[in-house]
1. Among Val485, Val532, which is the only one that is in a loop (DSSP other than H, G, I, E, B) and free of Cβ contacts under 8 Å to residues at least 60 places away in the same chain?
2. Cβ-Cβ below 7 Å, separation at least six or inter-chain, first residue in region 385-401 and farther than 19 Å from Thr68 by Cβ and among the basic types (Lys, Arg), second buried (at least 22 other Cβ atoms within 10 Å of the Cβ) and at pLDDT 95 or above: which pairs?
3. Looking at (1) in a loop (DSSP other than H, G, I, E, B); (2) over 23 Å from Val112 (Cα atoms); (3) at pLDDT 95 or above, find the lone condition where Val495 falls short.
4. Going residue by residue through region 466-478, is there one that turns out to be in contact with a His (Cβ under 9 Å, 6 or more places away or on another chain), surrounded by 15 or more Cβ atoms within 10 Å (Cβ to Cβ) and more than 25 Å from Arg110 (Cα to Cα)?
5. So Gly37 passes all but one of these: (1) out of contact with any His (no Cβ under 7 Å at 6 or more places or on another chain); (2) crowded, with 23+ Cβ neighbours inside 10 Å; (3) under 30 Å from Ala316 (Cα atoms); (4) not assigned by TED's automatic domain parsing to the domain that holds Leu221. Which condition number does it fail?
6. Is it the case that some residue within region 517-528 is without any contact (Cβ under 8 Å) to a residue 40 or more places away in the chain, part of a helix (DSSP H, G or I), surrounded by fewer than 19 Cβ atoms within 10 Å (Cβ to Cβ) and not assigned by TED's automatic domain parsing to the domain that holds Val300?
7. Kindly indicate whether Val205 is of a type in the set (Val, Ile, Thr), within 30 Å of Gly42 (Cβ to Cβ) and buried (at least 24 other Cβ atoms within 10 Å of the Cβ).
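The values are calculated or read from the model by the stated rules, or taken from the named source; none is laboratory data. Only a predicted model underlies this, so the values are computations on that prediction, with no experimental measurement involved. Methodologically, a virtual Cβ is constructed for each residue, glycine included, from the backbone with ideal geometry; neighbour enumeration extends over all protein chains shown.
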Amino acid sequence: MSGARLQAPPSPPFSAATRAERVAALDQEPFDVCVIGGGITGAGIARDAAMRGLRTILLERDDIASGTSSASSKLVHGGLRYLQQRRLGLIFESVSERRRLRMLAPHLVRPVPFLFPVYERRPRPLWVVGAGLWIYEALALFRSYGLHQTLGSAATLDAEPALAADGLDGAVRYWDCTTDDARLTLETARSAHDAGAWVLPWTEVTGFAVHRRQVRGVEVLDRVGGRAATVAARVVVNATGPWTDRTLGLRGDRKRLLRPTKGVHVVLPRSRLPVNNTVVLTRGAVERTVFAMPWDGQVVVGTTDSDYSGDFDHVAATAADVEDLLGLVNVCFPDAAIGPDDVRATWAGLRPLIAGEGGPNAAVSREHIIRRDDDGLITVAGGKLTTYRKMAAEVMDTVADALRSGGVHVGGCPTADVPLPGGVGIAWRGDHLTTLGPDGPEAERELAERLGDDVADHLHQTYGGRWLDVARRAAEDPALGERLVPGLPYLWAEVDHAADTELVVTLRDFLRRRTQLEIRDVDQALAVAPAVAERLAPRLGWDLADQHDQLADFRAWARESTAWRD
């Protein structure tokens, strides 16, 4: 077991069928590393482990990225707010990883302009904000997409005409990056699969397998077929994000490691809030960072930041959350008059923040901790999306130490230089993402002419170098080139592609995470859900009863996300 495999055999399809075959064989052979948790951290650890030549398994009780990793603010950024906390090391690490992720996944990590307005020298004078940006860019070694600009009040209103003008001193415009967080996680998990890892969503860890007081595996339950099994592993890593304390509780731990907070986002039509930049909302008594971010034809506003002690498996926006965000929007954009009826969708998630010492009112940290307990269990907690790759490498260094003590050779970390699957064969040329190779530009022109510029951009920025896989399906069957819903660029070809190659197991996997239809327009997602379930059925082996169950499950989740309307 283990050792560095010089060349892995071709990977089987990244699909529900492969998952089912591997679930049936779970207890037949041991693994070097078992990672619990299919969020961005767990996926990053599994990728790192598999690429180091270790026999690796990733277990997730729900879908890949079903928790925090599909409910973030969708930013890959340095954390400008950390400047006032003088946490320069965290900023340097974040901006360095931001640049690294732009190289590994250029289609998913995209630079966008941010606008930070200042009113009556608050939250701080304009020159102070500008000076802070020089430090921010210096920590990035001036390798940001562009250097910041300081704008006077007139130039600020030219850039964002809807902003409140009263008391406006000006603004600073700077650059950071956005991402599709769920797809970044999926591609990381896909990369782990391609390197030989077993990636098994919908497989719940129900306990630990202990031998001579050492954790030597886990007990699992297949949530699809109901099969229970024991997975043997030399090292087990707990990377379950907000569920870290629950996972530790499987062995009787009662002490809380985390202090989770809830973040809520609302989605508005861009016609109602026509922002051109990602605007930092600074008016009012705001102690958190809230953005209004253009999102194709829509705008995302978020986030809230409140302590959370409810059901971790069912986190949703409340009417108070929505009112809070819309109230701030209407202060910053006084003529917008945004109301609840303008909200197209919401999402909510938990941040796995590290609890401070000294009780429930102590400070929390965005940084992470890695802990190896006496029984050998390794736990990683905290951290942020931007630094997931480096955090995974640090976890794997701890795993490597544990394995070497047992005589298992472990190589160095290779993840800094290997692109994610969609990051191959595609690159930015100015403001345009283009396919490399002599036939790329011609294929892109044909795609744009046939399906529309917005669809072409969507396919490039979603699938990267794999966009032709989807485009070919649409070309072979005109019905698959039709849009799933009016006004959004998703195609029916993406349903087949996701079922065959993106490990879709449930209807919600597709509508919420392989696409983002549920969080772009929940009503349209509900309307098209029956047809999508019917299309998925033959590929996933569903009968009519299964389709009914899938629809009922999706509608229940949708009701949760819209309960604030009641």
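1. Val485
2. Listed by first residue and then by second, the contacts come to nothing, as the list is empty.
3. Here Val495 clears every test but (1).
4. Yes.
5. All conditions are met except number (4).
6. Yes, the conditions are met somewhere in region 517-528.
7. Taking the combined requirement at face value, the residue does not satisfy it.
Okay, residues lined up against (1) within 23 Å of Gly440 (Cβ to Cβ); (2) under 19 Å from the mean Cα position of the chain (by Cα):
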residue	(1), (2)
Asp457	yes, no
Gly464	yes, yes
Ala471	yes, no
Leu484	no, no
Leu488	no, no
Ala493	yes, no
Leu503	no, yes
Arg508	no, yes
Glu518	no, yes
